[in-house]
Amino acid sequence: MTALSAAERPAAAPDGTGAAEILRRCRESVRPALTAAIGRLHPWPGEMASYSLGWCEVGGAPSVDGGGKGLREALAVLCARAAGARERTGVASAVAVELIHTFTLLHDDIMDGDHTRRRRPAVWKAYGTGPAVLAGDALFALAVETLADAPGPHGPAAVRCLSAALNDLVRGQADDLLFATRPWTGPGAVALDEYRAMAEHKTGALLGCAAALGAVLGGAPREVSDALGRAGRHLGIAFQAVDDLLGIWGDPAVTGKPVHSDLRSGKKTFPVLAALGAAPSGPRGPAAGRLAALLDAGPSEDCAVRRAASLIEEAGGRSATLEEADRHLARAHSCLDTLPSGPAVSELRTLLASVARRVR
């Protein structure tokens, strides 16, 4: 197998239509099976699941929203193809991963107190906290059932793969919640390596699972599923870094969140930690020192939040985060270098390229 250089690797078209078309085709290939799975739920949790996926409004009327981009579905489908698995294996894996992803979003919004998701009320705001928890639990159970019922002898291995990812995800979510209680600077501050571990668990675990699951369910060699899983985890860290940038400088029309939302909530994100130095010795440079003082005061007014964003950029937080994303995307590409070249791998590379383009 010949490794591709960075110049040879396919990139998304400048307007992102390459990746958008890949995502659309993968969503369409998964949608019938995902719809059938949701249809097996009790009607009430099923409606909440459909609402969360963007398929309907409260009460069940069809939605014009269309839902998310389906990155995890696409990863599952394309990685299964890259591993030589049957199409139905990739679809079953994509359904299981998308059910788990939706479950995590329902519970995350409750834990984080987020009132909106994709420019609509979060499920817990639209239906109530208890019902949202119930719908999330139903989706979790349905995901496990989907893999357990998949044809072939590798269902148990796929369930173990999903369970391991969920354990990592819980670990990452726990660390993320605990970070909120720690100071911005000083001995108790969050170090960048701690943040990277959190991001790999919270975001990378499920993307890694999405990438590996079809190969595991299809009985591919261990080295193939491992390479795909590593690629997905690196993609997850890069994806989280980009999300952190969007949480500070993102366009609300694209992110569905208010501008500077992470700064207003005091969330420990990579750009802020990088700007502060993320070391026990404290902030580095005058911009970092001014930023630390501002964060300790808890910026809430628009002018203070804008000032904080400016200081983060001045102290190098934005550039450091872009470098972090690029570094992990390059590592994801290197993992794909170990696989035989083909259309699926080429499309995976296009998706990787599209992640960084979200903020450039």
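The values are calculated or read from the model by the stated rules, or taken from the named source; none is laboratory data. Predicted model only: the values in this text are computed from it and were never measured. Here the Cβ positions follow ideal geometry from the backbone for every residue, glycine too, while neighbour counts run over all protein chains shown.
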Original post:
Applying the selection to segment 164-185, what residues are among the aliphatic types (A, V, I, L, M) and farther than 28 Å from G298 by Cβ?
Top reply: A164, A165, L166, L169, V170
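Taking the criterion of being among the polar types (S, T, N, Q) and surrounded by fewer than 24 Cβ atoms within 10 Å (Cβ to Cβ), would at least one residue in segment 231-242 satisfy it? Let's see the steps before the verdict.
Initial filter on segment 231-242 (among the polar types (S, T, N, Q)): 240.
Narrowing the set further to residues that are surrounded by fewer than 24 Cβ atoms within 10 Å (Cβ to Cβ) leaves none.
For segment 231-242, residues among the polar types (S, T, N, Q) and surrounded by fewer than 24 Cβ atoms within 10 Å (Cβ to Cβ): absent.
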Original post:
Is there any pair with a first residue in segment 313-326 that is farther than 17 Å from R196 by Cβ and a second that is in a helix (DSSP H, G or I) and β-branched (V, I, T) whose Cβ atoms are under 7 Å apart and which are 6 or more apart or on different chains, and what are they?
Top reply: R318/I312
Original post:
For segment 275-360, which fully contained helices (runs of 4 or more DSSP H) count at least 2 residues that are closer than 18 Å to H260 by Cα and either modelled with pLDDT under 90 or touching a strand residue (DSSP E or B) at 6+ places or on another chain (Cβ under 7 Å) (or both)?
Top reply: 285-297, 302-314
Original post:
Pairs, please: C-beta under 6 Å, at least 6 apart or cross-chain, first residue surrounded by fewer than 20 Cβ atoms within 10 Å (Cβ to Cβ) and in segment 289-303, second modelled with pLDDT under 90 and not in a helix (DSSP H, G or I)?
Top reply: G289/P283
Original post:
Taking the stated definitions as given, is R196 surrounded by 24 or more Cβ atoms within 10 Å (Cβ to Cβ) and either over 20 Å from V305 (Cα atoms) or in contact (Cβ under 8 Å) with a residue 60 or more places away in the chain (or both)?
Top reply: no
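Residues in segment 116-123: is at least one of a type in the set (S, T, N, Q) and surrounded by 16 or more Cβ atoms within 10 Å (Cβ to Cβ)? Please lay out each step first, then the result.
As a first pass, look at segment 116-123 and keep what is of a type in the set (S, T, N, Q): 116.
Retained after the next criterion (residues that are surrounded by 16 or more Cβ atoms within 10 Å (Cβ to Cβ)): none.
For segment 116-123, residues of a type in the set (S, T, N, Q) and surrounded by 16 or more Cβ atoms within 10 Å (Cβ to Cβ): absent.
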Original post:
R24 versus (1) assigned to a loop (DSSP other than H, G, I, E, B); (2) at pLDDT below 95: which is the lone unmet condition?
Top reply: (1)
Subject >> Residues being of a type in the set (D, E, K, R) and not in a helix (DSSP H, G or I) - total across segment 168-202 >> reply: 1
Subject >> Lone unmet requirement of (1) within 15 Å of E347 (Cβ to Cβ); (2) part of a loop (DSSP other than H, G, I, E, B); (3) at pLDDT 50 or above for A13 >> reply: (3)
**OP:** Give me the pairs, please: first residue somewhere in segment 49-71 and within 16 Å of L99 (Cα to Cα), second residue anywhere and surrounded by fewer than 16 Cβ atoms within 10 Å (Cβ to Cβ) and charged (D, E, K, R), beta-carbon distance under 6 Å, and either six or more positions apart or on two chains.
**Re:** G54/D65
Original post:
Only one residue in A205, A220, A211 is crowded, with 18+ Cβ neighbours inside 10 Å and over 13 Å from the mean Cα position of the chain (by Cα), so which one is that?
Top reply: A220
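For segment 63-103, which positions are hydroxyl-bearing (S, T, Y) and either touching a Lys or Arg at 6+ places or on another chain (Cβ under 6 Å) or surrounded by fewer than 24 Cβ atoms within 10 Å (Cβ to Cβ) (or both)?
The initial filter retains those residues of segment 63-103 that are hydroxyl-bearing (S, T, Y), namely 63, 89, 93, 102.
Hit for segment 63-103 is S63, nothing else.
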